[in-house]
Amino acid sequence: WLKKSEPTEALEIEDEEKIGDIELARQIREICNSVADSAEAVSVLYYGPSTETKKREIDRYERAKKRAEKNIEQISDELLRDTAIYQVLNFCMKAGAVETAERLFHQIQTARIAALVKSEHPMFRDS
């Protein structure tokens, strides 16, 4: 009964009830921030030999990305959705997941956020 349990990560919390756009956007931000270290580790470990650490970090990153993208689909407000996409796109760029970042970039509808992405990531300037 004194055994410590692993802390629950933001990406592992399942919501049974319908939540609003602001809460979904907050969860996405929390997921991206809490798993940013795994995203950076994925970019470094990707080409190296297969290790338990590599598998764990890639799995953690993939679960976070999947959860964040699932939450994005549920946001109805355009500006909140695009802001969430921007956060997940940056998260993917940290991991070197350029194809996912490109797909997310093309979902952005707000000109101001698209311009922000282009200013931070030159590869999107011609898109």
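The values are calculated or read from the model by the stated rules, or taken from the named source; none is laboratory data. Given the structure is predicted, the values throughout are model-derived calculations rather than measurements. All Cβ positions, glycine included, derive from the backbone under ideal geometry; neighbour counts span all protein chains shown. In case anyone asks, the SASA skips ligands and DNA or RNA and just uses the protein heavy atoms, side chains included. Shrake-Rupley method; radii C 1.70, N 1.55, O 1.52, S 1.80 Å.
Checked against (1) open to solvent by 80 Å² or more (accessible area, probe 1.4 Å); (2) in contact with a Ser or Thr (Cβ under 7 Å, 6 or more places away or on another chain), Ala95 meets all criteria but (1).
Those helices (runs of 4 or more DSSP H) of region 49-116 in which 3 or more residues are at negative phi and in contact (Cβ under 8 Å) with a residue 40 or more places away in the chain occupy 52-74, 78-95.
Restricted to region 117-126, and to residues there that are in contact (Cβ under 8 Å) with a residue 24 or more places away in the chain and part of a helix (DSSP H, G or I), the residue that is farthest from the chain's Cα centre (by Cα) is Met123. Residue check: is Glu40 at pLDDT 95 or above, under 23 Å from Tyr86 (Cβ atoms) and assigned to a helix (DSSP H, G or I)? It is false that Glu40 is at pLDDT 95 or above, under 23 Å from Tyr86 (Cβ atoms) and assigned to a helix (DSSP H, G or I). If the condition is being modelled with pLDDT of 95 or more, farther than 12 Å from His121 by Cα and aliphatic (A, V, I, L, M), then region 86-101 contributes only Val88.
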